[in-house]
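I have placed the structure first, in the form of structure tokens, so that the comments after it can refer back to it.
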2 protein chains.
Amino acid sequence: MAEKIPYKIYLNEDEMPKAWYNVRSDMKNKPAPLLNPGTHEPMKPEELSVVFCEELVKQELDDTTAFFPIPEEIRSFYKMYRPSPLVRAYCLEKKLGTPAKIYYKFEGNNTSGSHKLNSAIAQAYYAKKQGLKGVTTETGAGQWGTALSMACSYFDLDCKVFMVKVSYEQKPFRREVMRTYGASVTPSPSMTTEIGKKILEKHPGTTGSLGCAISEAVEVATKSEGYRYVLGSVLNQVLLHQSIIGLETKAALDKYDIKPDMIIGCAGGGSNLGGLISPFMGEKLRGEADYDIVAVEPVSCPSFTRGKFAYDFCDTGMVCPLAKMYTLGSDYIPAPNHAGGLRYHGMSSTLSQLYDDGFMRAVSVPQTEVFKAAEQFARVEGILPAPESSHAIKVAIDEALKCKETGEEKTIVFGLTGTGYFDLVAYEKFHNGEMEDYIPTDEEIAESLSKLPVM
Amino acid sequence: MAEKIPYKIYLNEDEMPKAWYNVRSDMKNKPAPLLNPGTHEPMKPEELSVVFCEELVKQELDDTTAFFPIPEEIRSFYKMYRPSPLVRAYCLEKKLGTPAKIYYKFEGNNTSGSHKLNSAIAQAYYAKKQGLKGVTTETGAGQWGTALSMACSYFDLDCKVFMVKVSYEQKPFRREVMRTYGASVTPSPSMTTEIGKKILEKHPGTTGSLGCAISEAVEVATKSEGYRYVLGSVLNQVLLHQSIIGLETKAALDKYDIKPDMIIGCAGGGSNLGGLISPFMGEKLRGEADYDIVAVEPVSCPSFTRGKFAYDFCDTGMVCPLAKMYTLGSDYIPAPNHAGGLRYHGMSSTLSQLYDDGFMRAVSVPQTEVFKAAEQFARVEGILPAPESSHAIKVAIDEALKCKETGEEKTIVFGLTGTGYFDLVAYEKFHNGEMEDYIPTDEEIAESLSKLPVM
């Protein structure tokens, strides 16, 4: 094989982006503002600053500045694991016998095992710069908590993680990684917060939920001197930091004069997808290029494909601001689905607006199909993918097989957000034929959507 | 920071070595030959070919050819995860406040999580080329079994892994990774082999040992049509394949005109260490350069530092050829030590000869110190290291701290062989203060050495 394009395209360190790109700056229809849950008025910076770091509040609210310089300290940290490789999936193409050219941006080559570190280090940096003692957060599957622990350890910040109790018990290894990085990890709901006590009183023996863990983390942040709350997805600031994924991808493609036809990413809260597509979406919004941009979500949690574009609560405790987004309702509890990171009831406001305006499309896939694709990919590409990432793999394979039928030589780019080392219980279920698909009924979704806040 | 040398030195694909280097070709005192355990005569190729693939037997016995071209099919596979990065540990240096310059060659960025894949793919390739149906092997900690499963899956070979029963039960995730790659994994001892049945009869309820698993794997290979046995360490052929680690390291250093003073690697059977040091050792043997080459082993299994240089059995079942090596006796059972890959009673014949001839030195370290170093490294370098690799980290840190005292600006290179995602039970014990060090008594070692075969 004497191909011109290498298996892995690595940028040099000096080719790594020096600024994050804010896709909102190119949107005509800006994402709707966060609203105060009590007054339904747009959240003011001073209100948000009680919960979030000041610099991050600025980033959250700024929908006009196109580029935010990446501080040198963050760039130094990025260099430990970035630029990440853009991989040409030669082996997968060969196995599929497709004329399509498949590339994936691999974000799993760091110990947090996912792209989450890109925003964690930025949020930790701004917390440190503000002179804070530490930050609080919640984690479900554990990727975000791990990433934040690493970032806080680097800046000597205290890190308090509320981990959904069922994950805390089922994923002790994730917990140990966080402890290795010096974080304190509390199973949620806990007796350390008012809201935790209330929930435990009402539902003794509950195994917790992401919504409850968020409420506990926010409570501790607002009640502790020198602490703020940080979040790993959904927010505009997170998409901004994650734009580095897309900027690197585009720079690597440009280096070899490659124009992708399709860009595919999995979508939970939107952090990876928003980051990956941002510079391509920018071109599309400015009318400079066209791309087929595809969000992939699980059939069990189909915010885009079956949800409603409306203001909703971001958490179950209803203490966070209201966001306008594609949502299944904050009451929606997805069926047991091992693709933990994609179980969020809502979706980034930015992506929701772009989807509503027709700049991207969405598909939903059942998880047994996702694991089949994951295994197929692992066997030829040598990477054990995270279940979340495998949603994108599934659709990339489907599209490549369509090309095989039509003979089209499409260039397909997808985001491989992370590795599946901590998801082997799910792989085991799949191998043993014990994995099931669950598709919510129309009634279930309607029931949950009926509880949207009245605006 | 405007350093000239990047955080990660990546070679281009076309700079990846095109041939493996055989360090034996430059040795005046060649490693002693493998002996037939019955006759004590050197093993003939036709005897070895019953167990091993033909091409690999040639590589095993050839101590004069300096370079073996790497077949194109293997190079294609290598390109999925190689060249691997040589990382400048800027963050660790800063944390230690040392004038030393620390580099590590990171072999963990592939799903097998270690350098073992370098030889697994070569051995699978030659098995395929010989028209075999499949291969058998044993695995303890699981890294080798995982690597071989990946390699066999790539070449559509059947892969039968005998996994030490205690690991099979304690490391179900490793087992699931192997199953993802289509391997069959049998806990050893098993009722599927004669030797397994015998052992189970004699020791019902035993949790197995590496020695027993080897014997079962060899039995199945020799009794099954179209199968051979493969091994992940100790053998000359394995060191040959692993030379790619050292060749890449040297090429990356040469690119920036860096001359290392010290090269440090962990030593179990010797595969990583032998591979990492090979081109440097070659220069040393040819009198072209001098390097301080250091093998690091656990105090609980000190083959180099407290063993004897003698012919010994490679397995507990005593069915394999005899090898001359530094050994603690094939009867030696290391105390429970989570650095699984370093628990072998013996050591590569090649490295044993080089050590005996004074071309390298060895130190042993207690595992609590190793885990302290691992955590320190993880917190600043962002990689969760395998316990095995952390032995090298420990000594690299010690040496860097010596430089801090003396003011020497030594350049230290060490091998970071893999990641610790599947070793979190050990990390947990460490965090909980439940980890202990064990140093064997002189009597214990003497007792085990008293059973060496009489030559």
Review point. How big is the B-A contact in terms of buried accessible area, both chains counted, 1.4 Å probe, rounded to the nearest 100 Å²?
Key: 4300
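Quick one: compute the contact order of region B:331-439, relative version, from alpha carbon pairs under 8 angstrom and 6+ residues apart, as a percent. Numbers along the way, then the final one.
On the way: 94 pairs, mean separation 29.9, N = 109.
That works out to 27 percent.
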Review point. Mind checking the log10 I(q)/I(0) for region B:127-222 at q = 0.12, 0.13, 0.17, 0.19 Å⁻¹? Debye, one equal scatterer per Cα, no solvent, two decimals.
Key: -0.34, -0.40, -0.66, -0.81
Study note, to complete from the structure: Distance in Å, no decimals, from the C-alpha centre of region A:124-174 to the one of region A:1-58 is 20
Revision key, fill the gap. Extend 7 Å from the Cα of B:Ala289 along its Cα-to-C-beta direction; within region B:261-275, residues with backbone N under 15 Å of that point are B:261-264
Revision key, fill the gap. So the pair-distance distribution of region A:17-108, from every Cα-Cα distance in 5 Å bins, comes to percents of 3, 10, 13, 13, 14, 13, 11, 10, 7, 4, 3, 0
Exercise for review: Please identify the cysteines of chain B that lack any partner cysteine with a Cβ under 4.7 Å from their own Cβ.
Suggested key: B:Cys53, B:Cys91, B:Cys212, B:Cys266, B:Cys301, B:Cys403
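Can you list, largest first and rounded to whole Å, the semi-axes you get for region B:51-178 by taking the square root of 5 times each eigenvalue of its Cα gyration tensor? Write down the numbers at each step before the final one.
On the way: eigenvalues 180, 96, 35 Å².
With the √(5λ) rule applied to region B:51-178, the semi-axes are 30, 22, 13 Å.
Calculate the dipole size of chain B relative to its Cα centre from +1 charges on Lys and Arg beta carbons and -1 charges on Asp and Glu beta carbons; express the result in debye to the nearest 20. Walk me through the numbers on the way to the answer.
On the way: 49 positive and 59 negative charges, 146 e Å.
Magnitude of the dipole: close to 700 debye.
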Practice item. Take the Cα of B:Asp356, step 7 Å along the line toward its Cβ, and report every residue of region B:29-53 whose backbone nitrogen sits under 13 Å from that point. Key: B:29-35
Review point. Counting Lys and Arg as +1 and Asp and Glu as -1, each charge on the Cβ, what is the dipole of region B:118-219 about the Cα centre in debye, to the nearest 20?
Key: 80
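Find the accessible area per residue for the protein assembly as shown; the probe is 1.4 Å, ligands and nucleic acids are left out, and the unit is Å².
On the way: 31320 Å² over 910 residues.
Per residue, the protein assembly as shown has 34 Å² of solvent-accessible surface.
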Review point. Rg(Cα) of region A:128-167 divided by 2.2 N^0.38 Å?
Key: 1.18
Exercise for review: Would you jot down the residues in region B:1-47 that end up with at least 40 Å² less accessible area in the complete protein assembly than in the chain alone, with a 1.4 Å probe?
Suggested key: B:Met1, B:Tyr7, B:Lys8, B:Tyr10, B:Glu13
Check your understanding: Once the whole set of protein chains is in place, how much accessible area is left on B:Ile258, using a 1.4 Å probe, in Å² to the nearest 10?
Key -> 20
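From Cα pairs below 8 angstrom and at least 6 apart in sequence, can you work out the relative contact order of chain B, rounded to a whole percent? Mind showing how you got there, number by number?
Numbers: 966 pairs, mean separation 87.7, N = 455.
19 percent.
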Practice item. May I ask you to give the average projected area over all directions of the convex hull of the Cα atoms of region A:298-420, in nm² rounded to one decimal? Key: 8.6
Review point. Considering only the other residues whose Cβ falls under 10 Å of the Cβ of B:Gln237, what net charge follows from Lys and Arg at +1 and Asp and Glu at -1?
Key: -2
Study note, to complete from the structure: at A:Thr441 the sorted inter-copy label distances (label 7 Å from Cα on Cβ side), in nanometres, are 7.2
Check your understanding: For B:Lys197, which inter-copy label distances result when the label point lies 7 Å beyond Cα on the Cα-to-Cβ vector, reported in nm to one decimal and in ascending order?
Key -> 6.6
Exercise for review: Calculate the radius of gyration of the Cα atoms of the protein assembly as shown to one decimal place, then report Dmax, the largest Cα-Cα distance, as a whole number, both in Å.
Suggested key: 27.7, 91
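In region A:197-273, what is the count of Lys pairs whose alpha carbons are under 29 Å apart, counting only pairs at least 8 residues apart or on separate chains?
Working: A:Lys197/A:Lys223; A:Lys198/A:Lys223; A:Lys202/A:Lys223; A:Lys250/A:Lys259.
So the count of such lysine pairs works out to 4.
Can you send over the carbon and sulfur percentage of the accessible area for chain A, probe radius 1.4 Å, protein chains only? Walk me through the intermediate numbers first.
Details: 8060 of 15640 Å².
Taking all protein chains in place, chain A shows 52 percent carbon and sulfur surface.
Cβ under 13 Å from B:Leu48's Cβ, B:Leu48 left aside: what net charge do those residues give with Lys, Arg +1 and Asp, Glu -1? All intermediate terms of the calculation are to be shown ahead of the outcome.
Values: positive: B:Lys44, B:Lys58, B:Arg228; negative: B:Glu41, B:Glu46, B:Glu47, B:Glu54, B:Glu55, B:Glu60, B:Asp62.
Taking every other residue near B:Leu48 into account, the sum is -4.
Could you give the longest part of chain A that holds none of the trypsin sites (Lys or Arg not before Pro) found in DSSP loops with at most 16 neighbouring Cβ atoms within 10 Å? Can you show the working numbers first?
Values: sites that count: A:Lys4, A:Lys18, A:Lys28, A:Lys133, A:Arg286, A:Lys451.
After excluding every exposed loop site, the longest remaining stretch is A:287-450.
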Check your understanding: Dipole of region A:30-177 (Lys/Arg Cβ +1, Asp/Glu Cβ -1, origin at the Cα centre): which of A:Pro99, A:Leu157, A:His115 lies farthest to the positive side?
Key -> A:Pro99
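Considering only Cα-Cα distances, which of the following residue pairs are longer than 22 Å: B:Lys30/B:Lys129; A:Lys394/B:Lys171; A:Lys116/B:Lys105; A:Lys105/A:Lys394; A:Lys79/A:Lys128?
Pairs exceeding 22 Å: B:Lys30/B:Lys129; A:Lys394/B:Lys171; A:Lys116/B:Lys105.
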Point to revise | Cα-projected label distance for B:Lys95 with B:Met318, points at 7 Å along beta-carbon direction, nm | key: 4.8
Practice item. Rounded to the nearest 500, what is the 222 nm mean residue ellipticity of chain B from helices alone, with -39500 (n - 2.57) per DSSP H run of 4+ residues and division by all residues? Key: -12000 deg cm²/dmol
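I need to check one value: relative contact order of region B:145-252, counting alpha carbon pairs closer than 8 Å and at least 6 residues apart, in percent.
Details: 112 pairs, mean separation 23.4, N = 108.
Value for region B:145-252: 22 percent.
Can you tell me how region A:222-313 classifies by the Cα gyration tensor, rounded, prolate or oblate, using a/c under 1.5 as the rounded cut?
Details: a/c = 2.49, a/b = 1.45, b/c = 1.72.
The shape class here is oblate.
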**Study point:** A:Ser224-A:Glu408 pseudo-label distance in nm [points 7 Å out on the Cα-to-Cβ vector]
**Key:** 5.1
Revision key, fill the gap. Between the alpha carbon centres of region B:194-243 and region A:286-362 the gap in Å comes to 52
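Mind checking the dipole of region A:206-280: about its Cα centre, +1 per Lys or Arg Cβ, -1 per Asp or Glu Cβ, Debye to the nearest 20?
Values: 5 positive and 7 negative charges, 12 e Å.
With Lys and Arg at +1 and Asp and Glu at -1, about 60 debye.
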Exercise for review: Please list the equivalent ellipsoid semi-axes of chain A, computed as the square roots of five times the alpha-carbon gyration tensor eigenvalues, in descending order and whole angstrom.
Suggested key: 32, 25, 22
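The values are calculated or read from the model by the stated rules, or taken from the named source; none is laboratory data. Because the structure is predicted, anything quoted here is derived from the model rather than measured. Neighbour counts are summed over all protein chains in view; Cβ atoms, including those assigned to glycine, are modelled from backbone coordinates with ideal geometry. Side chains are part of the model used for accessible areas, which takes the heavy atoms of the whole protein and leaves out ligands, DNA and RNA. Shrake-Rupley method; radii C 1.70, N 1.55, O 1.52, S 1.80 Å.
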